[in-house]
Every structure is written in structure tokens, then in C-alpha cells.
Amino acid sequence: MARIVQKFGGTSVGDIDRIRNAAVKVKREVDAGHEVAVGVSAMAGQTNQLAAWSRQISPLVDAREYDVVVASGEQVTAGLMAMALQDLGVNARSWLAWQMPIKTARIDDINTEAIVSRFAEGQVAVVPGFQGLGPDNRLTTLGRGGSDTSAVALAAALNADRCDIYTDVDGVYTTDPRIVPKARKLEQVSFEEMLEMASQGAKVLQTRSVALAMRYGVRLQVLSTFADTPGTLVVDEEEIVEQQLVSGIAYSPDEAKITLVKVPDQPGVAALIFGSLADAAVNVDMIVQNVSKDGAATDMTFTVSRSEFDRSVDVLTGLKAQLGYTELRSDAKVAKVSVVGLGMRSQPGVAKTMFKTLAERGINIEVISTSEIKVSVLIDDEYTELAVRALHAAFGLDRDDED
Ligand code: ADP
Ligand code: ASP
Ligand code: MG
């Protein structure tokens, strides 16, 4: 007997037939004698719809009420999934955020006593993903794609043998298979690489879910709800059988670039700029500070996600007098493309191949950033797909046609 968490994403529970299909997958595990907790997303498109309604009421939404609205999508699916399971003769019930408190600030501290005692009765626990409780006991959410994190947190708390993430693709690919048909499915991927790929835009797993799985040693698997093919196992680096120089290409299409021209080159300036942005809950990503020519002033360039662009510009405009920059230049039509691979630690040349490949396509690189196992570039968003395809081929990741 094993203890398993199964998570079904939005497309996998997109309509009533699909919920029934997912329930069959749960029943299969129950029939095999396993203890099962099921995490569910909102039905496909629901979260977007709920978010749009909130913004229609007020563009300056109250974040707490916004969470109350958007979290409801998962409640609907949890109830429907429990009913679908009951309809198949499986003993099941739903547990909402307030019934089995999942504190979003301390996600790794879930009291699972109640659902574990029901496992003994053969009952399946159905848990709405995405939602949790804030410090004041009000409803909160885990950000877009957050149901992955709910599922992994639950798996960690339950000490589950497996956490299976069922989605609309049959695993983690070398890049998004929707834009590169030649993408290859990875049989296994290391936590480190998956973490980089997720944080650089591969939305198949939410970044926080990968970090949690890595910390707690959760055996994480990504697989298809619609096909019975083997998925991708996320494993420790030591378990990787064949280490590649580059394992994947990720892209993030919704970036924005801001340059502050001629900010004073003196202590405290960067702290003021980035401190003020952080206070406004803006996440800054790439940062480049030019070497000042005369020692007096320098240009500061950085990127933020496009949804936080307007807020960033407001904050920086408010600081103009204090900072004394001459001009704020911006470009909200840029994308970030990243090449990820553990092999980069020991083998040089990845950046060279990347830059050469982009140059051959006439794609200009606007900003570069690197980590131990990643090189990212910022480019005009019009060239995102071209860049991803070209890099995918250049690093030998394209699937052979006979594969
Ligand atoms: P779910 O609703 O099941 O959570 P998501 O839409 O959040 O599904 O994530 C799955 C999607 O992630 C896929 O449909 C695919 O387009 C996208 N994706 C991006 N990068 C990758 C990748 N490297 N491998 C697999 N899927 C990827
Ligand atoms: N429903 C939420 C979203 O669409 C959470 C999730 O599906 O993971 O982002
Ligand atoms: Mg998702």
C-alpha cells in the first residue's frame, strides 16, 4: 500500500466528462489499495473568468476580496470531484481551506490528522488547490498555477510516497511542446533544472512547488490525464542517468524593461530604487548597472513582469526628484529566453553558442543574466518563438523524426 497525492490541472477537469475521467484515475489507485488525496484546480478558464469579473468591478481590486472570488473556482471542482468519485462507488469527501487549514505563509505546516484518520476508513480526501488561509484566517491564494504547490505541500505533510501532477501534456519537455513541435519529453529532470525552468517561465509546474518538493524530497511526477504514457520524474541530480549540457529552453513572454538614464553613481541609489519597488510588491528580475563614464552618473536597466509595469513606472516617476535621473525609458514588449542545463557547470561554451545562434537569426540581445546552470537573454518579444526554436535546434534538443 502506498500513500499518493494526485493533482489534476484545469484542462484535466475542464468539463464534467473530464472530471469523470479524472475520477476514474483516482479510483484506479484506490482499487490498487492505496491511500489517496486528490488536489484539484479550477475548471479550465474559470480562474481567468473570476479574475476578469473582479477587475470589472474595480481595477484597483481589494486583494483579499479578489482572493475570495478567484479561490471559488477550486471549491466548485473539489465538490464535483467528490461527487464524481461517489458516483463511481468511491468513498470521498472535500476538505476546504478552512476545514483543513493550509496556511499560505507556512505552506509546509499542514495538519493532516483529520484526513489521515479517514484514510483508515478508505476515504479519499479531495482538496481544492490554490486556496489557503492568511495569518488573519482570511482566504488567500498561492498565485497563478498555485495548485501544484498545494499538491506538493500536501504530499510533504502526508509523507506521501508519490505526488502525481496530471496535466494536458504527458510530461516535462525540453521546451514548451506547444511552440516547438520537435520538443522531446524528458524521462527525468533534476530538481535544480526544473526549478530554473519553472522560474524562467515553463509553466508546467509552479516554481514554489518544485522548491518544496526539493526541500522535502517529494517524489514528483508530471504525467498526462488523457494518455497512459509514462511521464517525467523530477529527481535528485545524482539520479540523472544521462546528464546533458543543456536540458531545456524556457521562455517568459510577458516581460518589460525599464532604464533610468543618468542616476547618480553613489551609495544608496540602488537601495532606494529597488527598495521602493519591493515595497510596492514589484518583483524585479534582471538588473544591469552600466559603468559610469565620469564617475558621476550611470544608467540603470532592469526588468519586471508586464503586469507590474504600470505600477513600477508610477513608483519610479514618484522618485524622479529624489533620484535626479534625466529620463525613464521603457519597453513593455520584450521577452526572456533561457537555456538551462546542469552540464553548464563543468562545460564552457553554452553562452557562446546561444549568442551566436541568436546573431545568425538577426535577433538582438538587450540584457543578459546568468546563474550556475542557466543563461537568460532579453529580446524583442516578436522573436520569442523564433529564438526558442533556433536554440532548441542549436543545442541538439530537436526530436529525430523517427523518434
Ligand atoms: P495545468 O492546468 O494542468 O496546471 P498548465 O497550463 O499550468 O497546466 O501547464 C501545462 C502547460 O505548460 C502545457 O500545456 C505546456 O504548454 C506548458 N509548458 C511550458 N513549458 C513546458 C515544458 N518544458 N514541458 C511541458 N509543458 C510545458
Ligand atoms: N486555478 C489557478 C490558476 O489558474 C491555480 C491552478 O490551476 O494551479 O492559476
Ligand atoms: Mg498549472
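Limited to the range 244-282, what total is found for residues that are open to solvent by 20 Å² or more (accessible area, probe 1.4 Å) and part of a loop (DSSP other than H, G, I, E, B)?
Going through the range 244-282 one residue at a time, the tally reaches 8.
Just a yes or no: is a residue in the range 135-146 in contact with a helix residue (DSSP H, G or I) (Cβ under 7 Å, 6 or more places away or on another chain) and open to solvent by less than 10 Å² (accessible area, probe 1.4 Å)?
Within the range 135-146, none of the residues are in contact with a helix residue (DSSP H, G or I) (Cβ under 7 Å, 6 or more places away or on another chain) and open to solvent by less than 10 Å² (accessible area, probe 1.4 Å).
Six or more apart or on different chains, Cβ under 9 Å: which pairs go from a residue in the range 157-181 that's more than 16 Å from ligand 2 (Cβ to nearest atom) to one that's assigned to a helix (DSSP H, G or I) and basic (K, R)? Could you list them?
Listed pairs, sorted by first residue: T175/R389; I179/R389; V180/R389.
Test R18 against the criterion of being within 16 Å of ligand 3 (Cβ to nearest atom) and of a type in the set (K, R), and give yes or no.
For R18, the condition - within 16 Å of ligand 3 (Cβ to nearest atom) and of a type in the set (K, R) - is met.
Please find, within the range 54-84, the residue that is nearest to A151 (Cα to Cα) out of those that are surrounded by 22 or more Cβ atoms within 10 Å (Cβ to Cβ) and not acidic (D, E). Full working, then the answer.
We begin by selecting, within the range 54-84, every residue surrounded by 22 or more Cβ atoms within 10 Å (Cβ to Cβ); these are 67, 70-71, 73-74, 77-78, 81-82, 84.
Then keep just the ones that are not acidic (D, E); that gives 70-71, 73, 77-78, 81-82, 84.
Values: V70: 18, A71: 15, G73: 16, T77: 15, A78: 13, M81: 15, A82: 16, A84: 20 Å.
Residue satisfying both the conditions and the ranking: A78.
Does the range 160-172 contain any residue that is in contact with a helix residue (DSSP H, G or I) (Cβ under 9 Å, 6 or more places away or on another chain), closer than 18 Å to V246 by Cβ and not acidic (D, E)?
Scanning the range 160-172 turns up at least one residue that is in contact with a helix residue (DSSP H, G or I) (Cβ under 9 Å, 6 or more places away or on another chain), closer than 18 Å to V246 by Cβ and not acidic (D, E).
For the range 38-77, enumerate the residues that are in contact with a helix residue (DSSP H, G or I) (Cβ under 6 Å, 6 or more places away or on another chain) and aliphatic (A, V, I, L, M).
Within the range 38-77, V38, V40, A42, M43, A44, L50, A51, V61, V69, V70 meet the criteria.
Just give me the residues in the range 308-324 being in contact (Cβ under 8 Å) with a residue 12 or more places away in the chain, over 32 Å from the mean Cα position of the chain (by Cα) and in a helix (DSSP H, G or I), in sequence order.
Correct list: Q322, L323.
Before we move on, is V241 modelled with pLDDT under 95, outside any strand (DSSP E or B) and open to solvent by 30 Å² or more (accessible area, probe 1.4 Å)? I'd like the intermediate steps shown before the answer.
Values: modelled with pLDDT under 95: yes; outside any strand (DSSP E or B): yes; open to solvent by 30 Å² or more (accessible area, probe 1.4 Å): yes.
Taking the combined requirement at face value, the residue satisfies it.
Can you tell me which of A51, A42, A105 is assigned to a loop (DSSP other than H, G, I, E, B), under 17 Å from R144 (Cα atoms), under 26 Å from the mean Cα position of the chain (by Cα) and among the small types (G, A, S)? Before you say what the answer is, go through the steps one by one.
On the way: A51 fails: assigned to a loop (DSSP other than H, G, I, E, B); A105 fails: assigned to a loop (DSSP other than H, G, I, E, B).
Within the list A51, A42, A105, the selection yields A42.
Please specify each residue of the range 177-191 satisfying the condition of being of a type outside the set (A, V, I, L, M, F, W, C), touching a strand residue (DSSP E or B) at 6+ places or on another chain (Cβ under 9 Å) and either open to solvent by 50 Å² or more (accessible area, probe 1.4 Å) or part of a helix (DSSP H, G or I) (or both).
Of everything in the range 177-191, those that are of a type outside the set (A, V, I, L, M, F, W, C), touching a strand residue (DSSP E or B) at 6+ places or on another chain (Cβ under 9 Å) and either open to solvent by 50 Å² or more (accessible area, probe 1.4 Å) or part of a helix (DSSP H, G or I) (or both) turn out to be R184, K185, E187, Q188.
Within the range 1-19, does at least one residue satisfy the condition of being in contact with a Gly (Cβ under 6 Å, 6 or more places away or on another chain), open to solvent by 60 Å² or more (accessible area, probe 1.4 Å) and within 25 Å of G122 (Cβ to Cβ)?
Looking through the range 1-19, at least one residue is in contact with a Gly (Cβ under 6 Å, 6 or more places away or on another chain), open to solvent by 60 Å² or more (accessible area, probe 1.4 Å) and within 25 Å of G122 (Cβ to Cβ).
Here is a list: A160, A153. Which entry is more than 16 Å from ligand 1 (Cβ to nearest atom) and buried (at least 22 other Cβ atoms within 10 Å of the Cβ)?
Residue meeting the stated conditions: A160.
Have a look at R208, R184, R219 and point out the one that is touching a residue at least 40 places away in the same chain (Cβ under 8 Å), more than 16 Å from ligand 2 (Cβ to nearest atom) and over 27 Å from V24 (Cα atoms).
R184
Is at least one residue of the range 175-186 touching a Leu at 6+ places or on another chain (Cβ under 7 Å) and within 16 Å of ligand 3 (Cβ to nearest atom)?
The answer is no; no qualifying residue exists.
Which members of the range 192-205 meet the condition of being part of a loop (DSSP other than H, G, I, E, B) and within 16 Å of ligand 2 (Cβ to nearest atom)?
Across the range 192-205, the qualifying residues are G201, A202, K203, V204, L205.
Assess whether G89 counts as being closer than 24 Å to R18 by Cα and open to solvent by 10 Å² or more (accessible area, probe 1.4 Å).
yes
Somewhere in the range 132-145, is a residue among the polar types (S, T, N, Q), at negative phi and free of Cβ contacts under 8 Å to residues at least 40 places away in the same chain?
No; the residues of the range 132-145 include none that is among the polar types (S, T, N, Q), at negative phi and free of Cβ contacts under 8 Å to residues at least 40 places away in the same chain.
Does the range 103-124 include one or more residues that are within 16 Å of ligand 3 (Cβ to nearest atom) and under 17 Å from S41 (Cβ atoms)?
Of all residues in the range 103-124, those within 16 Å of ligand 3 (Cβ to nearest atom) come to none.
No: the range 103-124 contains no residue that is within 16 Å of ligand 3 (Cβ to nearest atom) and under 17 Å from S41 (Cβ atoms).
Starting from the range 1-27, keep only residues that are part of a loop (DSSP other than H, G, I, E, B), then list their pairs with residues that are open to solvent by 10 Å² or more (accessible area, probe 1.4 Å) and near ligand 1 (Cβ under 9 Å from one of its atoms) whose Cβ atoms are within a distance under 6 Å, requiring at least 6 positions of separation or different chains.
Every condition considered, the pairs that remain are G9/S41; G9/T167; G10/S41; G10/A44; G14/A44.
The values are calculated or read from the model by the stated rules, or taken from the named source; none is laboratory data. Note that the coordinates shown come from a computational prediction; the quantities given were computed from them, not determined experimentally. All Cβ positions, glycine included, derive from the backbone under ideal geometry; neighbour counts span all protein chains shown. Just so you know, the surface numbers come from the protein's heavy atoms only, side chains and all, with ligands and any DNA or RNA stripped out. Shrake-Rupley method; radii C 1.70, N 1.55, O 1.52, S 1.80 Å.
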